[in-house]
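Working notes, beginning with the structure itself.
Every read-out reported here was derived from the displayed coordinates using simple, explicitly stated rules and does not represent laboratory data. Computed from a predicted model, the values in this text were never measured in an experiment. Cβ placement follows ideal geometry from the backbone for every residue including glycine, while neighbour counts extend to all protein chains displayed.
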Amino acid sequence: MTKKILTNITMSLSVTPLIFLVPIQPLGNWRQIAPECRVKRWQIPETISQQTQTSAPLLPIPKSPVPCCEGDISCLDMQILGKGEKLTDKRALLASINQSLQYLQTPRADAAYKRYQIKSITKTRVIKSLQRFRQLVLKSQSAKELNAAIAREFVFYQSVGSDGNGSVLFTAYYEPLYAASRTPTPEYRYPIYRLPPNLKSWQRPHPTRAELEGIDGLQGSQGKLQGLELFWFRDRTEPYLIQIQGSARLVLPDGKQTTVGYAGNTAYNYKSIGREMANDGIFPVHEVTMPKILDYFQKYPQKLDVYIPRDPSFVFFQENKGAPAQGSISVPLTAERSIATDKSLMPPGALALIRAPFPFVQDNGKMEHRVVSRYVLDQDTGGAIKGAGRVDYFLGTGKVAGDRAGVTVSKGQLYYLLLK
């Protein structure tokens, strides 16, 4: 996951949730976790929360939280040290570490860490932490061995969350895969647009979405967007979802593929159409999910003209010619290893540990939520990811990733790992 806000740095993948969701009760191995391990052992210790009077988004925890649930595999990142096909998970994590290290050698990283508010989290310390973690991943023979080494060598900085006690709301985002055309046809009618070269000179307030593309999404050629069409799509929901997610992989009529990524946006905050639908009584608020929204629009396509125009914001794109989706630090995002956070609060490119219930597709095709722990890299941000209590988790490309992202909403914890 959020929609990017145009700033002085390039942001290429969006992480704004399309829908307004409420927490889903986790399933699976959550029921086997000892009650004392479910919440309290993963909260900020009372001795710290009571004694520390600070507005800092992260607080150092005196010891690793992982051993609290020893014997419960949800405390271990089991994907890292798999065998056979699972080796790809380890390779993906190592590649993501290397991409963060590349970013940390740039002038942008220098500037970001010079202004970072927690003085003990420096660029040099983050680099050394990533390098040592990479060594431990390569040499450890089991997930348990890796966690034991991390507990010895690293300090855990826990996000204070939305409640000051470590509670973090997780959503997820992905890269859609859609059929598209470079030219309009009776089949491909709904476009996405290039960044207007004169956007900076547009009078404010900017035109709204409805003013730019019309209520039906087909009037863009009549105004400021004329000639800026980049690709056309069959279904109106597809260009809109690309604006929400911030990137997409496209399959063209000749079978070739390309990619598009975020290039800029108008000066409006994203407005959730899922929330609008709940306000109108279309769904009870606790039942709003992306699959339900899309199913509703399939049954009542005329309602697209009601709800999409309620979001005044508008996103522009560039063709990336097959390059993978990138995060706000301008490195490729890695499925299940990249997260997006509020970069005014969290350290860019840094190593983190997340723990929360996430959805997984079972052998029978059904979705089940399981509590998992994952080592991730903080490589993205977005306009709707604000505060210490929000994380968006990148789940990859295509339909399965989209199905999982559409039902991801859960409370969990976020830690950053720094060498002692």
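Going by how many other Cβ atoms sit within 10 Å of their own, how do ASP378, ASP110 line up, fewest first? Can you show the working numbers first?
On the way: ASP378 26, ASP110 11.
If I rank by nearby Cβ atoms, fewest first, I get ASP110, ASP378.
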What is the antiparallel percent of DSSP beta bridges lying wholly in the chain, to the nearest 5? 75 percent
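Is the shape of the stretch 175-319 rounded, prolate or oblate, going by the alpha carbon gyration tensor and its root eigenvalues a ≥ b ≥ c, with a/c under 1.5 for rounded and a/b larger than b/c for prolate? Walk me through the numbers before you get to the answer.
Working: a/c = 1.74, a/b = 1.19, b/c = 1.46.
Verdict is oblate for the stretch 175-319.
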Based solely on its DSSP helices, what 222 nm [θ] is calculated for the chain when runs of n ≥ 4 H residues each add -39,500 (n - 2.57) and the sum is averaged over all residues, nearest 500 deg cm²/dmol? -7000 deg cm²/dmol
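Taking the number of other C-beta atoms within 10 Å as the exposure measure, put GLU145, GLU175 in order starting with the fewest. Please report the intermediate quantities before stating the final value.
Details: GLU145 13, GLU175 26.
Neighbour counts put them in this order, fewest first: GLU145, GLU175.
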Ranking request for peptides 251-262, 126-137: highest mean number of other beta-carbon atoms within 10 Å first, then the rest in descending order. 126-137, 251-262
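If neighbour count is taken as other Cβ atoms inside 10 Å, put ASP342, ASP295, ASP305, ASP392 in order from fewest to most. Spell out each step's value before the answer.
Details: ASP342 19, ASP295 11, ASP305 14, ASP392 28.
By the 10 Å Cβ count, ascending: ASP295, ASP305, ASP342, ASP392.
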Between (i) 59, 59, 46; (ii) 82, 47, 42; (iii) 63, 47, 46, which matches Cα extents along the principal axes in Å calculated for the structure shown? (iii)
If you average the C-alpha positions of the stretch 97-166 and of the stretch 369-394 separately, how far apart do those two centres end up, in angstrom? 15 Å
In order through the stretch 273-285: 3J(HN,Hα) via Karplus (6.51 cos²θ - 1.76 cosθ + 1.60), integer Hz, x for Gly, Pro: 6, x, 5, 4, 5, 5, 4, 7, x, 5, 10, x, 4
